[in-house]
Structure formats: C-alpha cells, structure tokens
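**Q** Submitted below is the structure of interest, expressed as structure tokens.
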Amino acid sequence: MSTAPLWCVVPAAGRGARVGGDRPKQYLPIAGRALIEHTLERLATHPRIAGLMVILAPDDGFWPGFEQLHGTPVRVATGGAERSDSVLAGLEALPAEVHADDFVLVHDAARPCVRAADITRLIAHAGAGDGGLLGAPLRDTLKRADRQHHSIATEPRELRWRAFTPQMFRRGPLAAALRACSAEGIAVSDEAMAMESAGHAPLLVEGAEDNLKVTTAADYALAEFLLARTS
C-alpha cells in the first residue's frame, strides 16, 4: 500500500463556457472566494498530499499567485488545448523527487466539495494496486436518446459507474498512456480512460455522490450549500 506523500495535479486551464461570466469558471466567486480556492484548500489540508501542481492557461490573468496553502507548496505550469495536454504538462513539471513509479493524484479544479475521507479511501485502496479513481455506481434508470431527444431504449445500469476525481496513478505509466492516446488521436475524457487504452483496469473506489463538478450556473448554489456541510 502507498504510504508516501503524494503530489496532486490540478488542471485549471479550461474556460468553462457553459457557466458564462467574464472569467473562467474556476475563478467565479462561490461562498465569498473563487471556486478554485475552495478546491485547493480541500486538497492542501489533506495530510497525505505533499504539494499541488496547478495547470493554467497561457493567458491566465486571474491566478492569485499562491505559493503555498496551509504549508503545502503550490506550483504552476502552463497547460494545453485539451485537459489531457494539461495533465501531461503537469506530470512533466512535477519535482524531480517524484519518480516514475510514484503515485500522483489528478483532481478537477471545479470539484470543490471532495471529502477528505474519500481521498484517504482512494489512496488506501488504489495504492494497493496500480491505481484507480473515485466514483459512484449508477443508480438512476439510464435512457438512450435519438438526436431529437426522444427516449428510444432503456440501457442496463448494472456495472456502470459515474467517474469522479481524484484519480490516482503512477507518474510514469500515466504520462506514457496520455502520450500514446495523443499520438493515436484518441480524445480522452479522464486519466482512467488513458490508462484503459493502455491495457490497465483502474480500480473504482466508491466515494460520496456530493463530489460535485461545477459545470453550469445552477451548480454554484448547490456547491455553496455543500461546502458549508462537507469536509
């Protein structure tokens, strides 16, 4: 089982166009502070996280310039056009003491409500093998729609999960998987997909379903409510 402190890569180079506003969604205010600040504080206060590598857009003019939070170092690197490009840039920018076979975490900047207990559970279970990710089994009835949004079939929900972050993999294999997907023109939506493409079977570790990814304007009120009640 992994017992060493872990660095966490936080991709934050996206615009979040569905939310709107005059700045990327990670900098919109929620409960009095920028969304990304809440996320970074959740991560920085976890006892197993050694440092944060935040990936910014080349023209980011909103980053507040954190160098540490709660004694945890914060570093920055420049991201790319896609999330996978940004994660790879973050992996490459990690300190030299993070070796190829060391585990790293990757967490969405727009998931400010992640619970410390879930991070601990992920590290314990995924660190006993080759890595994994937080998620939750699909509980709703799942429908397949046509292009006009008519329901045309009911899909089985057994063995289907919603994927969350953090996701946790060894630095070297994850970087190699992301590079291979890029070379093959595979658009990956998360790190687990890249590892699956490389022949791995990441462990799904069940976490709280309130690990909300803020995607739309309506999500902000819910996230603010949850922030006051989770830790």
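Where a number appears in this text, it was derived from the coordinates with a stated rule and is not lab data. Treat the numbers as computed from the prediction; the structure is a model and nothing was measured. Don't worry about glycine lacking a Cβ; one is built from the backbone with ideal geometry, like all the others, and counts go over all protein chains shown.
**Q** Which order do L6, L35 fall in if you start with the one that has the fewest other Cβ atoms within 10 Å?
**A** Least crowded to most crowded, the residues run L6, L35.
**Q** Also, I was wondering about something else. Expressed in nm to one decimal, what extension gain is obtained for the pair A228 and E155 from 0.36 nm per residue of sequence separation less their Cα-Cα distance?
**A** Stretched out fully, the A228 to E155 stretch lengthens by 22.7 nm.
**Q** Just want to confirm a number: the relative contact order over the chain, from Cα pairs under 8 angstrom separated by 6+ residues, in percent.
**A** 24
**Q** Based on DSSP loop calls and a cut-off of at most 11 other Cβ atoms within 10 Å, the longest stretch of the chain free of exposed GluC sites (Glu not before Pro) is what?
**A** The longest such stretch corresponds to 1-66.
**Q** Exposure proxy check: I123, I186 ranked by fewest other beta carbons within 10 Å?
**A** I186, I123
**Q** Related question: Taking 0.36 nm per residue of sequence separation and subtracting the Cα-Cα distance, how much length would be gained by fully extending the chain between Q148 and S197, in nm to one decimal?
**A** Contour length minus Cα-Cα distance gives 14.5 nm.
**Q** Students often get this wrong, so try it: which of (i) 25, 23, 19; (ii) 29, 19, 17; (iii) 46, 21, 15 is semi-axes √(5λ) of the Cα gyration tensor in Å as calculated from the structure shown?
**A** Given (i) 25, 23, 19; (ii) 29, 19, 17; (iii) 46, 21, 15, the structure-derived one carries the label (i).
**Q** Right, something else. Take the chain, connect every pair of alpha-carbon atoms lying under 10 Å apart with a spring to form a Gaussian network, then pick out the residue of P24, P64, P166 with the largest mean-square fluctuation.
**A** Comparing P24, P64, P166 in a Gaussian network model of the chain, the most mobile one is P64.
**Q** Short version: ³J(HN,Hα) in whole Hz for each residue of segment 49-65, in order, from phi by Karplus 6.51 cos²θ - 1.76 cosθ + 1.60 (θ = phi - 60°), x for Gly and Pro, what are they?
**A** Coupling constants for segment 49-65: 8, 8, x, 10, 10, 9, 9, 10, 5, x, 9, 5, x, 10, 4, x, x Hz.
**Q** Could you give the length gained on full extension between R121 and D210, defined as 0.36 nm per residue of separation minus the Cα-Cα distance, in nm?
**A** My answer for the length gained is 30.5 nm.
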